[in-house]
């Protein structure tokens, strides 16, 4: 092709590049977690691993999603969130957490905790360090699946969480339990933000 490149082609190319970058950030495929620092990693194996990400139950009668931007290092936020035995020190509604599985969280790790009158046994379903965390389990007839993702941005770390609840108690009292989960996750992400930014000196 001779002569100037048409503006519409340049615009389309820029749009495609921006869209690709946004998708990489949203899925977490642009970041790995090594030595507590995010690094670029977009290998085919890494990308393929994300096709097996644990998901919430999208057909559940109760689903809540929350986002928050935290002005703190990724490794600080990750450490706070995955140090489950210390949740009660920054989560006022969490009374106690006991790990059955020693060491850092990994798929198959089990921990027991109580919050707002619920006794919960959670099993970790996925750990993609610095990117994605998922656990689930029963609590008095309610089956929960809880997924967290962490995406570094130029303004901080975007933390996204979503959780689904199923079971007879949920079906019988959907409106009240939807409100309860909405309130719980809203408080959780705000408490996480406060704790991480306090530790980072923000």
Problem - One residue from 166, 123, 115, 153 being surrounded by 15 or more Cβ atoms within 10 Å (Cβ to Cβ) and touching a helix residue (DSSP H, G or I) at 6+ places or on another chain (Cβ under 9 Å) - result: 115
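Give region 93-104 a look and list any residue that's surrounded by fewer than 19 Cβ atoms within 10 Å (Cβ to Cβ) and either without any contact (Cβ under 8 Å) to a residue 40 or more places away in the chain or under 27 Å from residue 152 (Cα atoms) (or both), or say none. Talk me through it step by step, then tell me what you get.
Here is the first cut: in region 93-104, the residues surrounded by fewer than 19 Cβ atoms within 10 Å (Cβ to Cβ) are 93, 95-96, 98-104.
Scanning region 93-104 gives 95, 96, 98, 99, 100, 101, 102, 103, 104.
Out of region 126-179, which residues are part of a loop (DSSP other than H, G, I, E, B), under 30 Å from residue 71 (Cα atoms) and touching a residue at least 24 places away in the same chain (Cβ under 8 Å)? Show your work before the answer.
Applying the first criterion (part of a loop (DSSP other than H, G, I, E, B)) to region 126-179 yields 129-131, 140-141, 154-155, 167, 173.
Now drop any that are not under 30 Å from residue 71 (Cα atoms), which leaves 129-131, 154-155.
Within region 126-179, 129, 130, 131, 155 qualify.
Values quoted throughout were computed directly from the atomic coordinates according to the rules given, and no laboratory measurement underlies them. Note that the coordinates shown come from a computational prediction; the quantities given were computed from them, not determined experimentally. Don't worry about glycine lacking a Cβ; one is built from the backbone with ideal geometry, like all the others, and counts go over all protein chains shown.
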